[in-house]
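**Student:** Here it is: the structure, laid out below.
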């Protein structure tokens, strides 16, 4: 079966519709349907359930999906390598970001990268920790910013330590005046505000390691909401310094006893077959982070 049919299949999966896939590929709907039907005939099972809402991938389709993505990725990697050998910097790289990296780092990284490699498309998806490994596992991104705790035993390239800090209202005074103690946290365990981006792997992990049981807490995705609640004295929050970098006036930031931190780095979808464009983007990211030291 040709790679053309595989590319059509992936576009139907990603767009959720034969009609939308046809528009994206500049094909007729019948051509898309024919390509998918040819795959289904060769495989011996249905790949999609068709309905008025579009096309829903079947369970068998889900089983072959990562293998087909890998085939296309291998072909793309080969094409990119050939182009780079011939001094044509073209291609694409897909990267997953969590919000604090997106807002504090990535715009500058993207700007500098595009100046050097205007022919390389950078496609990025932003989500919280829960999205990133899923995107990597399913081949939706080639690489993603992650943390050491999030990446676990997967291939992980560490970049920078990001301290955890405590953000409080202006009238809050820590026990020892200069940093947050475990006693401070225990006395405020039911008025903690936790950022959804990193709550399980950073803040709550630190609390559990120090035997601070939290019965109730506020959880929010929006940093503006988090800081507004802190400013109004509704609680204190433990967040990475990178998240706290956008804290407004009217709040205070304190280091935490023991200097806990997260390690920000990069994880690859396939560490044994990193695309040439992903390598170039990694180099740009490393250059940027080195400039932060």
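Just so it is clear, none of the values below were taken in a lab; they were calculated from the coordinates. Computed from a predicted structure; not experimentally measured. As a convention, Cβ positions derive from the backbone with ideal geometry for all residues, glycine included, and neighbour counts pool all protein chains shown.
**Student:** Which angle from 0 to 90°, rounded to the nearest 10, does the C-alpha axis of helix 3-15 make with the longest principal axis of the chain?
**Tutor:** 40
**Student:** Once the principal axes of the Cα atoms of segment 1-91 are found, what is the range along each, listed largest first in whole angstroms?
**Tutor:** Principal axes ranked by extent give 46, 25, 18 Å for the Cα atoms.
**Student:** Okay, next question. How many nm is it between the label spots at residue 155 and residue 177, if each spot is 7 Å from the Cα in line with the beta carbon?
**Tutor:** 5.2
**Student:** Kindly express, to the nearest 10 degrees and within the range 0 to 90, the angle between helix 276-290's C-alpha long axis and the longest C-alpha principal axis of the chain.
**Tutor:** 20
**Student:** Separate question: What is the extension gain from residue 29 to residue 290, computed as 0.36 nm multiplied by their sequence separation minus the C-alpha to C-alpha distance, in nm to one decimal?
**Tutor:** Contour length minus Cα-Cα distance gives 89.0 nm.
**Student:** Let me check the size of segment 32-174 from its C-alpha atoms; what are the radius of gyration and Dmax in Å?
**Tutor:** For segment 32-174, the Cα radius of gyration and maximum Cα-Cα distance read 20.5, 70 Å.
**Student:** Right, next: Any chance you could check the Cα centroid distance between segment 269-292 and segment 50-108 for me, in angstrom?
**Tutor:** First find each Cα centre; the distance between them is then 15 Å.
**Student:** Where the Cα atoms of the chain are projected onto their three principal axes, how long is each span, largest first, in whole Å?
**Tutor:** If we take the Cα atoms of the chain, the spans are 70, 46, 32 Å.
**Student:** Specify the angular offset, from 0 to 90 degrees and rounded to the nearest 10, of the alpha carbon long axis of helix 59-85 from the longest principal axis of the alpha carbons in the chain.
**Tutor:** Between the helix axis and the principal axis of the chain, the angle is about 90 degrees.
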